[in-house]
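The values are calculated or read from the model by the stated rules, or taken from the named source; none is laboratory data. None of the values given here were measured: they were computed from a predicted structure. Heads up, the Cβs are rebuilt from the backbone with ideal geometry, glycines too, and the neighbour counts pull from every protein chain shown. Note: accessible area is taken over every heavy atom of the protein model, side chains too, but ligands, DNA and RNA are not part of it. Shrake-Rupley method; radii C 1.70, N 1.55, O 1.52, S 1.80 Å.
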Amino acid sequence: MKINLVMIVKNEERSLTRCLLAARPFVDEMIVVDTGSTDRTKELALKAGAQVFDFTWVRDFSAARNYALEQSDADWNLVLDADEYLRPASRKKIESALREGARIYGDGGWMGAILRFDLYRDKAEKTAAGETAISVSSSLLPRVLPRGVRYQGIIHEQPDTEIPCVLLPLEADHDGYLQEGKSERNLEYLLEATRQEPQNVYYWYQMAVTLRSLDRLWESLPWFRQLETGGVHKTSYWVDGILRYLYTLMDLDTGEFLLEAKEVIDRTEAELSGRADFCFVCGLFYMKLVLSDVKTYIAYLPRIEECYLKCLQIGEHPEQETVTGTGSFKAAYNLGLWYEVSGQTDKARMYYRRAAKDGYGPAKDRLKGL
């Protein structure tokens, strides 16, 4: 069984060596296609043992991906970006999982997903020094492709196939969201993509989250609304879109948008109430709703505690593509805050300790304050 790493890169000297060295134990060959680097990217790729090819950029990520795949003769192609770093794993276990998948789905009848942990700047959370905190979310991505599968889409490209996708024993860390400038670049391509495919629901999602990341909240709302009503509910990006939609409405923070958020929660609660990240955002929402008009919304006060307790009951499920902590330390910390402000100091200490046990700094600070 031959497994190759297949990548497209441009000006990736910051992270490429780390990416290649982490992937090298799991693959037979490393194929790197450069789309116009002006730094040491190609030099570093060769030094790490990769084969390097050049591709003239044609403003189409799928075209570049497909050219790279055409350079590979492997049975399976592992597709990574330069800001993704595989965690230690077992090649033997990976091959065993690939053989088991072939037994169930047939050769070439399925593709493998990796579990990626994404670092991002959490604007709602600050460090002790007053800086924006770094949080982690998880994503399941189809990245281990059988021979012959190609990509489609000029931006946020996806495998052009309907075959099933199954999680493999492969995890990666991703720090690309910490870098500046990609959202602006992506928006340019997304505008063109939505002109070409105006009914592509996945592009609706990408437009919404890209505009949100650029703090263009008002402009993101029509895309979120369209996604909620016209999207396929079972897709992971629809779920993520609903969560970001709710955060956007709360960030806008007016009575009108809080009522819209309540309507969204009412419409989606039956479907999403088994997810810790949904219960977490609901806890934040009910707190904001009550504080916006205590007399009108006082009946929703118990919902705050209920939501965070349910988060802890559900627990952490990174395979559901959630924000790390919504089923553990973040929920425990918010419960501690809730109990502290309501005068239940013993309970506050208990949940702060629970969050602090997971290494959550804000909980340690609150414990010192108590």
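For this structure, a couple of remarks:
- Of all residues in segment 161-204 being open to solvent by 20 Å² or more (accessible area, probe 1.4 Å) and in a strand (DSSP E or B), the one that is nearest to Lys93 (Cα to Cα): Pro169
- Qualifying residue in segment 65-84 (condition: within 25 Å of the chain's Cα centre (by Cα), among the aliphatic types (A, V, I, L, M) and in a strand (DSSP E or B)): yes
- Pick from segment 18-45, criterion hydrophobic (A, V, I, L, M, F, W, C) and outside any helix (DSSP H, G or I), ranking: farthest from Ile94 (Cα to Cα): Val33
- The set of residues from segment 224-234 being open to solvent by 60 Å² or more (accessible area, probe 1.4 Å), in contact with a helix residue (DSSP H, G or I) (Cβ under 7 Å, 6 or more places away or on another chain) and part of a helix (DSSP H, G or I) comprises just one member, Gln226.
- Segment 287-353 holds helices (runs of 4 or more DSSP H) entirely within its bounds, and those carrying 1 or more residues that are under 25 Å from the mean Cα position of the chain (by Cα) map to 301-314, 329-341.
- Check on Arg150, touching a helix residue (DSSP H, G or I) at 6+ places or on another chain (Cβ under 9 Å), within 19 Å of Glu319 (Cα to Cα) and of a type in the set (Lys, Arg): no
- In segment 305-332, the residues that are farther than 17 Å from Ala348 by Cβ reach residues that are aliphatic (A, V, I, L, M) and surrounded by fewer than 24 Cβ atoms within 10 Å (Cβ to Cβ) with C-beta atoms within less than 6 angstrom, at least six apart or across chains, in these pairs: Glu321/Leu140; Thr324/Val136; Gly327/Ile314.
- Within segment 125-138, restricting attention to residues that are in a strand (DSSP E or B) and touching a helix residue (DSSP H, G or I) at 6+ places or on another chain (Cβ under 8 Å), the residue that is farthest from Ile94 (Cα to Cα) is Glu125.
- Filter result for Ile94 (at pLDDT 95 or above and either assigned to a strand (DSSP E or B) or surrounded by fewer than 16 Cβ atoms within 10 Å (Cβ to Cβ) (or both)): no
- Checking Leu284, Leu337, Leu312, Leu289 one by one, the residue that is of a type in the set (A, V, I, L, M) and under 30 Å from Leu170 (Cα atoms) is Leu312 and no other.
- Residue in segment 97-119 that is open to solvent by less than 40 Å² (accessible area, probe 1.4 Å) and among the hydroxyl-bearing types (Ser, Thr, Tyr) present: no
- Residue within segment 276-291 that is at pLDDT below 95 and open to solvent by 50 Å² or more (accessible area, probe 1.4 Å) present: yes
- Check on Leu249, assigned to a helix (DSSP H, G or I) and surrounded by fewer than 18 Cβ atoms within 10 Å (Cβ to Cβ): no
- Any hit, segment 301-315, residues being among the aliphatic types (A, V, I, L, M), in contact with a helix residue (DSSP H, G or I) (Cβ under 8 Å, 6 or more places away or on another chain) and open to solvent by 50 Å² or more (accessible area, probe 1.4 Å): yes
- Of all residues in segment 205-223, those being open to solvent by 30 Å² or more (accessible area, probe 1.4 Å), at pLDDT 95 or above and among the small types (Gly, Ala, Ser) number 0.
- Applying the condition of being in contact (Cβ under 8 Å) with a residue 40 or more places away in the chain and of a type in the set (D, E, K, R) to segment 15-73 and asking which residue is most open to solvent (accessible area, probe 1.4 Å) yields Arg18.
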